[in-house]
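Contents: one structure, followed by commentary.
The values are calculated or read from the model by the stated rules, or taken from the named source; none is laboratory data. What you are looking at is a predicted structure, and each value in this text was computed from that prediction instead of being measured. Neighbour counts are summed over all protein chains in view; Cβ atoms, including those assigned to glycine, are modelled from backbone coordinates with ideal geometry. Side chains included, ligands, DNA and RNA excluded: accessible areas come from the protein's heavy atoms. Shrake-Rupley method; radii C 1.70, N 1.55, O 1.52, S 1.80 Å.
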There are 2 protein chains.
Amino acid sequence: MLGAAEDPASRRFPPDITGNSLMRIVNVAAAQMGPIQKADSREAVVKRMIALMDEAKSKGADLIVYPELALTTFFPRWYVEDRAEFDIWFEREMPNAATRPLFERAAQHGMAMNFGYAELTPDGHHFNTAILTDKTGRIVGKYRKVHLPGHVEYDSKRSHQHLEKRYFEPGDLGFKVWRELGGIIGMAICNDRRWPETYRVMGLQGVEMVLIGYNTPSVNAEKSEEGVEKRLFHNRLSVQAGAYQNATWVVAVAKAGVEDGHPLFGGSLIVDPNGEIVAEAKTDDDEVLVHACDLDATTFGKTTIFDFARHRRIEHYSLITSQTGAVPPPEK
Amino acid sequence: MLGAAEDPASRRFPPDITGNSLMRIVNVAAAQMGPIQKADSREAVVKRMIALMDEAKSKGADLIVYPELALTTFFPRWYVEDRAEFDIWFEREMPNAATRPLFERAAQHGMAMNFGYAELTPDGHHFNTAILTDKTGRIVGKYRKVHLPGHVEYDSKRSHQHLEKRYFEPGDLGFKVWRELGGIIGMAICNDRRWPETYRVMGLQGVEMVLIGYNTPSVNAEKSEEGVEKRLFHNRLSVQAGAYQNATWVVAVAKAGVEDGHPLFGGSLIVDPNGEIVAEAKTDDDEVLVHACDLDATTFGKTTIFDFARHRRIEHYSLITSQTGAVPPPEK
């Protein structure tokens, strides 16, 4: 869409980075973002995203990953009776006037990208969406958040509202993967990362790198004594387990800091296919982590302990797809 | 089977421990075992198990959890051409002459128990099995290991053999749960703990405590540079994620130490429904950890972030049960 198509061979085996045409390295930038306030325009946010992209480029990145709902504040914290009032937070096309400079800069840099935004479709559907572009700035993949947390109606028992189930419909595209950057790339969003099904469905398609943006309140709205340290622990635990159990890289990127008085935790992570953290954000602000991810590091796990074809026993998994909620056995 | 049936009400609400008849506390003992050598008789092993049980009783336990293949050495490390030679490692009935004293002591103590053994059925099937007894020593549940690691034939490329797929058939009972001790209890064995499907199938039945015995070599037979610290990390990661993502207690119990020159790691764990480790073994030998597990601590997770009925989207999980191995998308 923007810029000339690049030679796919150079994309697959970047000789400039590794000096070894047989290696499959993706230099990924986790571009954590600090808070976005209600009054901040899309244009101002895109300017920040471009600054992060320039920094990522200077560090050799060929893929940049931004948070969920990267263009706006995390608006599901507010209740409005008429949901249509909140269409101001949604994008009707992508790219659009506000985001075009970001796509153009990505094409200039020859950098693939992933970011999240609120999507309003031409036929009136609302999704919490993420896209993947190739190195020419062309959108090659779209994901719509499947696991929406929170609730639909105002809940006075919570310390703050989390109305994702009010403003979004559950994603209708499933968990796909795309061949990009010489590897197999998948996407998920925020709460999806706590669900092992997310990673497994992509793992069953051979995923080598999962990109996940998130906005996660530092306070549990229903358990105020759960401190931010425990919430960061759950973040790491979910991402590390998903990486290890599917032998895939996972890049999890936060929007962090205090938005309109509501703190979001940071802790953006890059996790290797052994489940080890190789990079972790230290601030709650705009911050770039870059790591050279060897996609072939996924091979060992995928061909030994997690060789699904040899070891999985789907005849015993049927409840996972036949039953949504938990059904305890009858009382004795 | 052994001893008089106990009043179920006292089982459900042990007033002697909590002083509060409304609490559901299970005092669980993780009974890690040190190595069992080839020459050690079943009788000698049972004597050790009874000593661990007595110690657990003195610490107030009402459930004791022993490792996988608790009665013998980990024989799948040896190759024999004629598998029938290895029937010596299998039990044809349970209890049997060697294990009866263990069942009797459990009934005396009023202690439920879980342990693993190699099972040879009357019709000639071989399973890696675990049982659950109630506080009277009666077997109330049986589980047969579903996820068998390793291989069938001698593999000269490995630093040591791991022939579980040679000596056992995959379990045919699925992942059931049982109402015991006032709660909902499930079982799994060793390598099962690395598979999120294991916990999820039980989670979908409302499981509140999962009992897992294991024997895990300290060395990766196909990756000698993977040190024991990384292997302990994977053990913790898998168990903690399974606990958190299903809001359940998990008790994971090792056979540890050097058997016939082959080291097994210890690191037995009790993990709470938030995924936090509440007790961890410090030795590679016989060692008892006891923890008072409040089964109602599972309620918060099960009714909020992991309220499956509200949040799971089974329409996007179909690959998990329709496809065993990974199938990458076509090359571009």
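Seen from A:Arg166, the other residues with C-beta closer than 15 Å to its C-beta sum to a net charge of -2, counting Lys and Arg as +1 and Asp and Glu as -1.
Rounded, prolate or oblate: which fits the stretch A:109-235 when a ≥ b ≥ c are the square roots of the eigenvalues of the alpha-carbon gyration tensor, with rounded for a/c under 1.5 and prolate only if a/b beats b/c?
prolate
Only protein heavy atoms count here; under a 1.4 Å probe, B:Glu43 has an accessible surface of about 110 Å².
Identify, among A:Ser322, A:Val146, A:Trp195, the residue whose Cα sits farthest towards the positive end of the charge dipole of chain A, taking +1 on the Cβ of Lys and Arg and -1 on the Cβ of Asp and Glu, with the dipole about the Cα centre. Value computed over the given set: A:Ser322.
Ligands, DNA and RNA left out, the accessible area of the protein assembly as shown computed with a 1.4 Å probe is 53% carbon and sulfur. Across the identical copies, the 7 Å label point of A:Asp172, projected outward along Cα→Cβ, sits 4.5 nm from its counterparts, in ascending order. Of all beta bridges DSSP finds with both residues in the protein assembly as shown, what is the antiparallel percent, to the nearest 5? Taking every DSSP beta bridge with both residues in the protein assembly as shown, the antiparallel ones total about 65 percent. Remark: for residue pairs B:Lys38/B:Lys157; A:Lys59/A:Lys282; A:Lys145/A:Lys165; A:Lys157/B:Lys302; B:Lys142/B:Lys230; A:Lys302/B:Lys282, the C-alpha separation exceeds 20 Å in B:Lys38/B:Lys157; B:Lys142/B:Lys230; A:Lys302/B:Lys282. Show me the helices of chain B, taken as full DSSP H stretches, that run 18 Å or more along their long axis by Cα and average -1.0 or above in Kyte-Doolittle hydropathy. Sorted by number, the helices that extend far enough and score high enough are B:42-58, B:228-246. Solvent-accessible area per residue in chain B equals 35 Å², computed with a 1.4 angstrom probe and all protein chains kept. Between B:Trp249 and B:Met209, B:Val210, the built amide H atoms are under 5 Å apart, and every one of these is 5 or more places off in sequence or on another chain. Put B:His311, B:His262 in order of accessible area, highest first, and with a 1.4 Å probe you get B:His262, B:His311. Extension gain for B:Glu315 to B:Leu173 (0.36 nm times residue separation, less C-alpha to C-alpha distance): 48.5 nm. In sequence order, the stretch B:215-221 has phi-based couplings of 10, 10, x, 6, 10, 7, 4 Hz under the Karplus curve 6.51 cos²θ - 1.76 cosθ + 1.60, θ = phi - 60°, and Gly or Pro positions carry x.
Other residues within the sphere of radius under 15 Å centred on the Cβ of B:Phe300, judged by their own Cβ, net out at 0 (K and R +1, D and E -1). Overall, the anisotropy analysis places chain B in the oblate class: the square-rooted eigenvalues a ≥ b ≥ c of its C-alpha gyration tensor yield a/c not less than 1.5, with a/b not exceeding b/c.
The slack in the chain from B:Lys332 to B:Lys282, taken as 0.36 nm per residue of separation less the alpha-carbon distance, amounts to 12.9 nm. Run the label-point distances for B:Ala44 please: 7 Å along Cα to Cβ, every other copy, nanometres, shortest first. Copy-to-copy label distances for B:Ala44: 7.6 nm. Chains A and B together bury roughly 6800 Å² of accessible surface, counting both sides and using a 1.4 Å probe on protein heavy atoms. Electrostatic tally near B:Thr121: other residues with Cβ closer than 12 Å to its Cβ, Lys and Arg +1, Asp and Glu -1, net -4. Each of B:Tyr154, A:Tyr214 has its accessible area taken with a 1.4 Å probe; listed largest first, they run B:Tyr154, A:Tyr214.
For the peptide B:193-200, the mean number of other protein chain Cβ atoms found within 10 angstrom of a residue's Cβ is 6. Dipole magnitude for the protein assembly as shown: about 480 debye, using +1 per Lys or Arg Cβ and -1 per Asp or Glu Cβ, origin at the Cα centre. Rolling a 1.4 Å probe across all protein chains gives A:Thr324 an accessible area of roughly 40 Å².
Note on chain B: antiparallel DSSP beta bridges, both residues inside, total approximately 65 percent of the bridges counted.
Relative to the other identical copies, B:Thr283 shows label-point distances of 5.1 nm, where the label point lies 7 Å from Cα along the Cβ direction and values run shortest first. Residues B:Arg144, A:Arg179 ordered from highest to lowest accessible area at a 1.4 Å probe: A:Arg179, B:Arg144.
What you get for the stretch A:70-111, charging only the Cβ of Lys and Arg (+1) and of Asp and Glu (-1), is a dipole of about 260 debye around the Cα centre.
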